[in-house]
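Values quoted throughout were computed directly from the atomic coordinates according to the rules given, and no laboratory measurement underlies them. Just so you know, these numbers come straight off a predicted model, no measurement behind them. Don't worry about glycine lacking a Cβ; one is built from the backbone with ideal geometry, like all the others, and counts go over all protein chains shown.
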Amino acid sequence: MRELQTWRFGIQFLFSTVMIGLCTFQLVNDKAKENQTLYWSGLSTVLAYWLPSPSSTQEEHFGQSKASQQERQS
């Protein structure tokens, strides 16, 4: 199972790198500025995929880990 997760991460990382490179290249080299919206949305979509969820904060993680430590001690 771990090998499958490694392959999945590698493919996602490779695809994301290609997409970021393509979108950045097209934004810099597009003289006509016709498809800027397309490339900006592609770039922001890939970046948003890798960002952590805004619903989970550091305080929640801290509170959960502290509670689990207290349960282990009891």
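Here are a few things to note about the model shown:
- Burial ranking of peptide ranges 22-34, 2-14 (average Cβ count within 10 Å, highest at the top): 22-34, 2-14
- For Gln5 and Phe25, the difference between the fully extended length at 0.36 nm per residue and the C-alpha to C-alpha distance is 4.2 nm.
- Cα→Cβ-extended label distance, 7 Å offset, between Thr45 and Lys33, nm: 2.4 nm
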